[in-house]
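The values are calculated or read from the model by the stated rules, or taken from the named source; none is laboratory data. Predicted model only: the values in this text are computed from it and were never measured. Don't worry about glycine lacking a Cβ; one is built from the backbone with ideal geometry, like all the others, and counts go over all protein chains shown. Ligands, DNA and RNA are excluded from the accessible area calculation, which covers all protein heavy atoms including side chains. Shrake-Rupley method; radii C 1.70, N 1.55, O 1.52, S 1.80 Å.
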Amino acid sequence: FYVRIAAVFIAFIGVSLFYYLRKDAGADGQIHIASTDAQINHIMPDSSRIQLAENSEIIYDENYNAGNRNIKLTGKAVINVDDEGNGKLIINAGETFIEDIGTVFTVDAYPDSAYIYVTVESGKVLFYTTDNKGIELIAGETGTYNKISKLFDKVQDVVEQNPDVDLIIFNATPLS
């Protein structure tokens, strides 16, 4: 009698553990991490750290780091890449891609904005689309992608930014 109870208990624990470990994975085999009213920090399987701003989301495969380091970003995030991962880290933000070359960078890609911004704190990234080779950004540079004109540009003379402060660009805009 006690052996049957123990077997049922062990089976229950095993099934519960299986579902607990897969709780973030969607039916499509992808993991969704989203913030609402507050920033959240997330450590990726390759030890890279992502700080999601409010109302932002990342999606990645549950087999991330097995030669697949692709992340889809909606919103804004500061990404601190750990070089221990396998393969290239590529962030898909809207219609753009940001390919890491060992760095810390911020991506601002809210769907309702006409621009996507990438600011590099250290290292170097490639910022491009499938149809445009884009631009290379190094530490201290900020690049923009205009979703309407489909053009990339580097923002000149940007002072070091606090990740909690948004960048406002007045490009050929009268200040009256």
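Mind listing whichever residues of segment 40-60 are modelled with pLDDT under 90 and closer than 19 Å to Phe97 by Cβ?
Correct list: Met44, Asp46, Ser48.
Residues in segment 90-115 that are open to solvent by less than 50 Å² (accessible area, probe 1.4 Å) and farther than 21 Å from Arg49 by Cβ: how many?
Count: 3.
Could you check Ala11 against (1) at pLDDT below 80; (2) farther than 21 Å from Gly140 by Cα; (3) in contact with a strand residue (DSSP E or B) (Cβ under 6 Å, 6 or more places away or on another chain) and say which number it fails?
(3) is the only condition that Ala11 fails.
For segment 44-73, which residues satisfy the criterion of being in a loop (DSSP other than H, G, I, E, B), open to solvent by 60 Å² or more (accessible area, probe 1.4 Å), more than 15 Å from His32 (Cβ to Cβ) and of a type in the set (D, E, K, R)?
Glu54
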